[in-house]
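Novice: Dumping the structure here so I can ask a few things about it.
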Number of protein chains: 2
Amino acid sequence: MDKEKFIKDLCIETDSKIVLLVMDGLGDLPQSGVTALEAASTPNLDSLAKSGCCGLTDPIFRGITPGSGPAHLSLFGYDPTKHILGRGILEALGVNIDVTKNDMVARGNFATLKGDLIVDRRAGRISTEKNQALCKKLNEAVKEVDNTTISFFTGKEHRFVIKFTSEGLSDQLSDADPQKENKPIVYPKPFSSEAKRTAEIVNKVMDKVTDALKEETRANTILLRGFSKFPSIPSMEDLFKLKPAAIANYPMYKGLAKLVGMDVLDVGPELEDLFESLKKNYHKYNFFYVHVKKTDSFGEDGNFQAKKEIIEKTDRFIPLILDLKPDVLAVTSDHSTPCLLKAHSWHPNPFLIHSKYAQTDIVTKFSEKECSRGYLGRFRSLYAMPLMLAHAGKLVKFGA
Amino acid sequence: MDKEKFIKDLCIETDSKIVLLVMDGLGDLPQSGVTALEAASTPNLDSLAKSGCCGLTDPIFRGITPGSGPAHLSLFGYDPTKHILGRGILEALGVNIDVTKNDMVARGNFATLKGDLIVDRRAGRISTEKNQALCKKLNEAVKEVDNTTISFFTGKEHRFVIKFTSEGLSDQLSDADPQKENKPIVYPKPFSSEAKRTAEIVNKVMDKVTDALKEETRANTILLRGFSKFPSIPSMEDLFKLKPAAIANYPMYKGLAKLVGMDVLDVGPELEDLFESLKKNYHKYNFFYVHVKKTDSFGEDGNFQAKKEIIEKTDRFIPLILDLKPDVLAVTSDHSTPCLLKAHSWHPNPFLIHSKYAQTDIVTKFSEKECSRGYLGRFRSLYAMPLMLAHAGKLVKFGA
């Protein structure tokens with residue numbers, strides 16, 4: 001069954017409003033007996049858990065650790081195994097590059113060529129400042145090839161993103177990367193005949209870049225990986241008849257929201273800015289994705305104390321959300337980021353839904369362990385969207 | 001989504017070790033209020049349940065009673081509805097017949113022919129000794145037909161297994177069995193043109209057998225059912241990058257393990273032999289399937305007390321496994337075999353996973369009822385493998 005199509009056929013447009021608060025990487029493993037969420041004092045989230053309905057979600061399925069892309073797609077109601085996001089597009093979103101349907105992007109490395117061989121795939125990890133100077137130079141020297149506009153965007157150290165813009169480009173290309181040092185330059189090969197022209201363009205760009213960098217001693221050529229076009233994902237408006245807005249501090253999450261057709265709202269860099277933006281824009285949309293990044297960042301750092309504190313800080317904004325009287329407030333994470341692992345993991349996410357139509361269960365605290373006793377059970381994040389839509393009265397009956 | 005393919009793409013080879021302890025037919029229904037597992041004193045399993053993570057598994061899905069073949073395939077990470085094992089192959093594995101890719105096997109009955117009619121489909125349930133004498137006679141009289149080697153293997157009473165060996169055989173054949181008494185002999189028909197030659201060979205074999213048995217009064221012909229070739233299942237090494245070993249006392253389980261490419265270790269007939277073999281071979285593999293048969297046998301006998309005792313006996317070997325310090329220890333059953341039903345059933349299996357990355361839940365005892373409160377929830381056995389792989393650090397992140 002195509003679940004997206006199934007849901008689409010049942011969706012109706014209403015004025016009711018949904019707020020999805022994503023505390024990135026919230027789920028955790030116990031340290032000294034408790035998780036960061038269990039250790040945190042969260043009276044407001046606990047009150048939501050008590051009056052609402054809880055469960056645990058798997059972003060993909062049991063055992064699978066997701067990247068941020070598939071984890072978010074799943075929460076937004078998309079099958080993450082159907083819509084595969086290329087590495088290039090995520091990198092581009094992460095550095096805040098505007099990507100539209102005539103663009104193709106790829107991740108790049110500056111590298112060192114000596115004679116015919118790539119002797120350093122990272123050009124001695126040049127500084128970000130040097131990288132900026134090189135991108136500036138290339139943006140002047142290699143502006144256009146075969147009616148295709150070429151743009152270079154600085155990343156960290158030796159990393160950059162390249163964007164090709166023209167009609168009819170194809171990302172069905174192999175990586176232009178020898179993978180190992182002391183091998184010759186590798187040119188991308190087309191996986192299909194429709195990508196032949198694009199391969200020729202990329203080859204020419206690579207040669208022009210190497211020519212433009214010939215005076216450089218270290219960063220005198222480039223490698224390109226993960227060619228990706230803007231994925232054709234149906235919009236949330238198209239699928240769910242929502243008018244959605246994204247409220248996020250970090251570029252990658254704004255980019256992900258843009259992929260599914262959300263309006264990305266202007267927001268300051270602080271936690272409080274998220275909730276201020278929500279309040280300010282509340283009348284304009286009926287679905288709000290609010291993204292708290294730092295729960296994940298502190299998980300990645302293994303900083304249990306800081307993760308606990310950011311959870312507590314977020315908890316204090318819950319009354320502000322409730323003051324807006326959303327028809328549905330769902331709180332969850334996209335994936336777990338246990339401090340113990342300092343990385344994303346396969347452990348499920350606590351999930352709560354607050355709505356006047358939520359069935360009250362026996363859960364009285366918002367935590368991994370308590371949510372495992374919730375009425376919603378353990379389910380794929382993919383079902384979060386139909387649950388939110390249903391509680392907001394946005395889904396009609398299936399069948400007679 | 002092809003889950004096997006999905007997992008395959010994420011697997012990496014590591015040295016971490018997984019022990020999967022299968023207590024066959026463990027799950028049960030309460031008698032006088034408790035199940036055999038609840039009645040048993042299992043301090044070691046309870047301790048694993050307390051520190052680890054529990055759940056309940058369905059071998060296929062809710063309501064489906066599986067045979068040993070699909071139940072085990074599912075635990076080994078294979079979709080049991082995709083890889084169908086013929087009855088012939090399972091019967092052959094059960095009597096310890098070596099089957100390789102040029103072999104085709106079928107289950108046979110000795111039967112009684114009177115005039116043109118089969119008057120007894122079981123030849124009066126002749127003794128196993130008589131069966132042995134008949135198979136010996138046939139192995140001399142019907143050795144080869146059309147360059148195909150024919151072998152007969154005694155089963156219980158009137159049952160035997162026949163093996164055909166040559167290149168290009170096909171198991172796309174209908175059964176050679178009238179199903180009812182007082183019907184004429186039925187010859188197998190090919191389901192496809194590629195099976196035409198095989199059908200001719202089987203027909204000739206049937207006539208030669210009837211001719212060789214013409215002096216017999218009861219067992220003077222044969223019926224053949226469930227033609228099956230060695231199934232082409234990808235190996236666990238191919239799919240999961242594991243180096244797997246099977247430690248089992250009984251032929252069918254050794255055979256099942258062989259189907260998925262496990263090394264089948266030599267092991268004595270007793271329970272303790274399993275754990276001795278595990279210890280002896282622990283350095284050579286990174287996945288161990290340890291199979292305890294008698295929980296199922298006593299379930300099939302309806303012997304509650306003996307089932308309880310074999311569970312207690314198995315529990316006492318848990319510390320021996322833990323001494324080896326496996327990265328993951330999973331304990332479960334392939335299917336339930338309630339004493340009340342004296343048969344396999346559709347009831348779910350208790351499941352526990354022990355690992356330093358297992359999320360501790362509220363379960364403190366290993367039982368059907370307690371596992372239903374576990375953090376893992378209720379899931380298809382098919383997900384046991386990704387869970388074990390994830391906890392052993394053998395799965396990389398999906399997507400960026």
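Novice: Looking only at segment B:345-369, count every residue that is out of contact with any strand residue (DSSP E or B) (no Cβ under 7 Å at 6 or more places or on another chain) and under 22 Å from B:ALA71 (Cα atoms) and tell me the total.
Specialist: Within segment B:345-369, residues that are out of contact with any strand residue (DSSP E or B) (no Cβ under 7 Å at 6 or more places or on another chain) and under 22 Å from B:ALA71 (Cα atoms) number 2.
Novice: Further question on the same structure: Any residue in segment B:98-116 that is under 20 Å from B:ALA248 (Cβ atoms), in contact with a helix residue (DSSP H, G or I) (Cβ under 8 Å, 6 or more places away or on another chain) and either of a type in the set (Asp, Glu) or assigned to a loop (DSSP other than H, G, I, E, B) (or both)?
Specialist: Yes, because at least one residue in segment B:98-116 is under 20 Å from B:ALA248 (Cβ atoms), in contact with a helix residue (DSSP H, G or I) (Cβ under 8 Å, 6 or more places away or on another chain) and either of a type in the set (Asp, Glu) or assigned to a loop (DSSP other than H, G, I, E, B) (or both).
Novice: Taking A:LEU26 as meeting all but one of (1) modelled with pLDDT under 95; (2) in a loop (DSSP other than H, G, I, E, B); (3) surrounded by 21 or more Cβ atoms within 10 Å (Cβ to Cβ); (4) of a type outside the set (Phe, Trp, Tyr), write down the number of the exception.
Specialist: Condition not satisfied by A:LEU26: (1).
Novice: Where residues in segment B:351-376 are surrounded by 23 or more Cβ atoms within 10 Å (Cβ to Cβ) and at the interface with another protein chain (Cβ under 8 Å from one of its Cβ atoms), which of them is farthest from B:THR35 (Cα to Cα)?
Specialist: B:GLN359
Novice: Report whether or not B:PHE398 is over 22 Å from B:PHE61 (Cβ atoms) and more than 10 Å from chain A (Cβ to nearest Cβ).
Specialist: Taking the combined requirement at face value, the residue does not satisfy it.
Novice: Specify which of the listed residues (B:GLU140, B:GLU167, B:GLU157) is under 15 Å from B:LYS208 (Cα atoms) and either touching a Gly at 6+ places or on another chain (Cβ under 6 Å) or not in a strand (DSSP E or B) (or both).
Specialist: The match here is B:GLU140.
Every residue, every condition in (1) of a type in the set (S, T, N, Q); (2) crowded, with 22+ Cβ neighbours inside 10 Å, yes or no:
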{"position": "A:LEU93", "(1), (2)": "no, yes"}
{"position": "A:ASP98", "(1), (2)": "no, no"}
{"position": "A:MET104", "(1), (2)": "no, yes"}
{"position": "A:LEU113", "(1), (2)": "no, no"}
{"position": "A:ILE118", "(1), (2)": "no, yes"}
{"position": "A:THR128", "(1), (2)": "yes, no"}
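Novice: Starting from segment A:91-111, keep only residues that are within 19 Å of A:ILE233 (Cα to Cα), then list their pairs with residues that are surrounded by 20 or more Cβ atoms within 10 Å (Cβ to Cβ) and among the acidic types (Asp, Glu) whose Cβ atoms are within a distance under 7 Å, requiring at least 6 positions of separation or different chains.
Specialist: Here the result reads A:MET104/A:ASP171, each pair linking segment A:91-111 to a residue that is surrounded by 20 or more Cβ atoms within 10 Å (Cβ to Cβ) and among the acidic types (Asp, Glu).
Novice: To continue, here is another question. Would you pick out the residues in segment A:117-133 that are in a loop (DSSP other than H, G, I, E, B) and either closer than 11 Å to A:LYS163 by Cβ or not hydroxyl-bearing (Ser, Thr, Tyr) (or both)?
Specialist: A:ARG121, A:ARG122, A:ALA123, A:GLY124, A:ARG125, A:ILE126
Rundown of residues vs (1) in contact with a Cys (Cβ under 6 Å, 6 or more places away or on another chain); (2) modelled with pLDDT of 95 or more, yes/no style:
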residue: A:ASN349; (1), (2): no, yes
residue: A:LEU352; (1), (2): yes, yes
residue: A:ARG373; (1), (2): no, no
residue: A:ARG378; (1), (2): no, yes
residue: A:PRO386; (1), (2): no, yes
residue: A:LYS397; (1), (2): no, yes
residue: A:ALA400; (1), (2): no, no
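Novice: While we're looking at this one, here's another question. With respect to A:LEU73, is the statement that it is within 30 Å of A:PRO386 (Cβ to Cβ) and either touching a His at 6+ places or on another chain (Cβ under 7 Å) or without any contact (Cβ under 8 Å) to a residue 60 or more places away in the chain (or both) true?
Specialist: Answer is yes for this residue.
Novice: Right, something else. Go through (1) touching a Leu at 6+ places or on another chain (Cβ under 6 Å); (2) within 14 Å of chain B (Cβ to nearest Cβ); (3) of a type in the set (Asp, Glu) and name the single condition A:ASP315 misses.
Specialist: Every condition holds for A:ASP315 apart from (2).
Novice: Just checking, how many residues over segment B:377-392 are more than 7 Å from chain A (Cβ to nearest Cβ) and under 23 Å from A:CYS371 (Cβ atoms)?
Specialist: The number of residues fulfilling the criteria is 4.
Novice: Has segment A:75-88 got at least one residue that is in a helix (DSSP H, G or I) and facing chain B (nearest Cβ under 9 Å)?
Specialist: Yes, the conditions are met somewhere in segment A:75-88.
Novice: Further, regarding this structure: Being within 22 Å of A:ASN303 (Cα to Cα) and either surrounded by fewer than 16 Cβ atoms within 10 Å (Cβ to Cβ) or outside the structural domain of A:LEU45 (by TED's automatic domain parsing) (or both) is the filter here; which residues of segment A:8-23 pass it?
Specialist: Result: no residue meets the conditions.
Novice: Among the residues of segment A:148-181, which ones are surrounded by fewer than 18 Cβ atoms within 10 Å (Cβ to Cβ), more than 16 Å from A:LYS101 (Cα to Cα) and at pLDDT 95 or above?
Specialist: Matches in segment A:148-181: none.
Novice: Continuing with this model, one more query. Among the numbered criteria (1) farther than 18 Å from A:HIS344 by Cα; (2) of a type outside the set (Ser, Thr, Tyr); (3) more than 9 Å from every other protein chain (Cβ to nearest Cβ), which one does A:VAL22 miss?
Specialist: Of the numbered conditions (1) farther than 18 Å from A:HIS344 by Cα; (2) of a type outside the set (Ser, Thr, Tyr); (3) more than 9 Å from every other protein chain (Cβ to nearest Cβ), the odd one out for A:VAL22 is (1).
Novice: Going by the structure shown, is A:THR332 among the β-branched types (Val, Ile, Thr), out of contact with any Ser or Thr (no Cβ under 7 Å at 6 or more places or on another chain) and in the same structural domain as A:GLN31 (by TED's automatic domain parsing)?
Specialist: It is false that A:THR332 is among the β-branched types (Val, Ile, Thr), out of contact with any Ser or Thr (no Cβ under 7 Å at 6 or more places or on another chain) and in the same structural domain as A:GLN31 (by TED's automatic domain parsing).
Novice: Oh, and also: Taking the condition of being out of contact with any helix residue (DSSP H, G or I) (no Cβ under 7 Å at 6 or more places or on another chain) and either within 13 Å of chain B (Cβ to nearest Cβ) or surrounded by fewer than 22 Cβ atoms within 10 Å (Cβ to Cβ) (or both), how many residues in segment A:44-57 meet it?
Specialist: Residues that pass the stated criteria total 4.
The values are calculated or read from the model by the stated rules, or taken from the named source; none is laboratory data. In this text the structure is predicted, and so the values were computed from the model without any measurement. Because the Cβ atoms are built from the backbone with ideal geometry, glycine has one as well, and the counts that use them run over all protein chains shown.
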